[in-house]
Amino acid sequence: MGSPFLVFLSGAINDRTKPFRALVKREVERTGWAYVWVFEKEPAHPDLEESYLSVVDRSDVFVLCIWDDITEVVRREFERAGRAGVPRFVFLADADSANENLHSFLQNISQELKWEKCCQEELPSAVQRALVNHLIDVHRRRFLRETYEFTPERLKDNAYAIVEPNVPSSEHSAALLAIRVIPGRIVRALPFFDKQDGRSRIAVLAEKAGFPGLESALLLEEFGGGFRIEWESERLACIGAWKVQPEWFGAEDVDGDLRHEVFFAEGSHGTGSGADVFYLYVPKRQQLFSVTVEETRDPYYRTRVVPCRELTETQNEVYLRALELRMRTLGVMVEMSLPDESPDVLWYMDNGFLKSGRVKVRRFPGPPSFGASWEAKHSDGDLEWFAYFKGPVMGHDLTRNEHFVIYGPETMYNWPTCFASNQDYVWFGTRGDGVFQYDKRHEVLAQIPPGSLRDCPADVSTLELKGPKLVVNGTHEFEVPWR
């Protein structure tokens, strides 16, 4: 097979683990296909980190054997292998219960790779078996790739039929193959061929049996005349009116490494807020990147785009650009220009969460409109007032046929509920924020005075003006106007 593969053996080194590490090294090297690098067998070196981290970068395979804990040094080796694109195999020796630190580590890596648990006695053979299968496959693919150039023209030639990759001809054909591996409902099945290792694969979005409504993204690889699961995401959230997920799903080589990366997404939305998370899985590095679009509609629409920490690193810029490009191409990057034109959003931009003080009022032609029904309507001479469900207080100047906003709740759940007025003022109650007074001539807003708050109910259902007194909920009376 030519020069052997280099296998980096990582894990804690102590009196308990040393015998098993020696057995793993012996069993793997007995195949004649690999040399196993172990820290304890290396000579003295003046630079501790350089003595082993540089070996990780040039290794063909990274093997991590762990017992009941994992050290920061071992974590660093594992992460270094991931950044270098070295295939990683993780084995847990079932000797003692894993502590919290190790449990957290295993949970995190479960999104990237499948690790194996076995008893200590079976550890050497489990490592050997996994590596032999991997190295045979790598060698076979290298041979095919170096012997034949996979081009569309050559694949049409019968002379090369023996090495033609088993790529399904359509999504339908790919779905029929995927259903043999993944019981459940196949939402999308995208077939492709990776030149990096000469292997056919299928990116699958599936609703697996037993989990109705919850989907997962999977990557299937060609194996033994069929396909097997190479990688699987956690189950994806799809809550509320969220429809982008199937359209977002895709596979393409975004970094030029001759391996297809996989795009998928999830989302969760309620009446006040929501979030869409757009993912990119990089198989060669066994790493998952994400960009989150956080939306807040309480009390008005805002959006914030947050990339994961790893995407801010310079070496991962290509993946950030790929995610941004796909988001813009598919129209999921929310622009703020359109929502900002609505009167209620402009009120918040001008006044913030104003409760007492001079209001900046803008006027707009025609009667008011809002994306919800009005909770209360009040006639006030040449004015009409509207209290909107989970929305603002709007006035309609009937003489000029113009509408305007005088108040927006700090949270939509404290929406306005009722009105009372005289020639100079309009009062309105709220669900949770008490009573407000608006000076129509001077455009000044005032919440009920702080000294009266203890006597005034927060939830207001009725207001009635009786001479100089305002009656709240039919039981509480206040002198008006207050200053």
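Can you give the FRET efficiency for V318 and R441, using 1/(1 + (r/R0)^6), R0 = 56 Å, r = Cβ-Cβ distance, to the nearest 0.05?
With a Förster radius of 56 Å, E is 0.40.
Along the Cα→Cβ direction, 7 angstrom out, place labels at N101 and K469. What is the inter-label distance in nm?
It works out to 7.1 nm between the two label points.
How large is the charge dipole for segment 345-397, taken about the Cα centre, if only the Cβ atoms of Lys, Arg (+1) and Asp, Glu (-1) carry charge, to the nearest 20 debye?
Using Cβ point charges on Lys, Arg, Asp and Glu, segment 345-397 gives about 280 debye.
Which of the lysines could be linked to K360 by a straight reach, that is with a Cα gap under 23 Å, when you skip same-chain ones fewer than 8 residues away?
Once the sequence-local lysines are set aside, what remains near K360 is K377, K390, K440.
If I take every Cα pair under 8 Å that is 6 or more residues apart in segment 282-434, average their sequence separation and divide by the length, what percent do I get for the relative contact order?
It rounds to 17 percent for segment 282-434.
Taking the Cβ of D15 as the center, what net charge do the other residues with Cβ under 13 Å away carry, scoring Lys and Arg +1 and Asp and Glu -1?
+2
Net charge around Y413, counting only other residues with Cβ within less than 12 Å of its Cβ (Lys, Arg = +1; Asp, Glu = -1)?
-1
Under a plain spin-label model, where a point goes 7 Å from the Cα along Cα-to-Cβ, how far apart in nm are S170 and Q120?
Here the modelled spin labels are 5.8 nm apart.
When the chain is fully extended, how far beyond the present Cα-Cα distance does R400 get from K355, taking 0.36 nm per residue of separation?
Additional length available on full extension: 13.5 nm.
Percent of Cα-Cα pairs more than 19 Å apart in segment 342-479, please.
45 percent
Going by how many other beta carbons lie within 10 Å of each one, how would you line up L398, L190, fewest first?
L398, L190
Taking 41 Å as R0, compute the FRET efficiency from the Cβ-Cβ separation of T411 and A209 and round it to 0.05.
After rounding to 0.05, the efficiency reads 0.50.
Could you list M412, M394, M349 so that the one with the fewest beta carbons within 10 Å of its beta carbon is first and the one with the most is last?
M349, M412, M394
Extension gain I229-E29, at 0.36 nm per residue separation less the Cα-Cα distance, in nm?
69.2 nm
Give me the net charge of E230's neighbourhood, meaning all other residues with Cβ under 10 Å from the Cβ of E230; Lys, Arg count +1, Asp, Glu -1.
With Lys, Arg at +1 and Asp, Glu at -1, the net is +1.
A short reminder: the numbers here are calculations on the coordinates, not readings from a lab. Quick caveat: nothing in here was measured; it's all calculated off a predicted structure. A quick note on method: Cβ atoms are made from the backbone with ideal geometry, for glycine too, and the neighbour counts reach across all protein chains shown.
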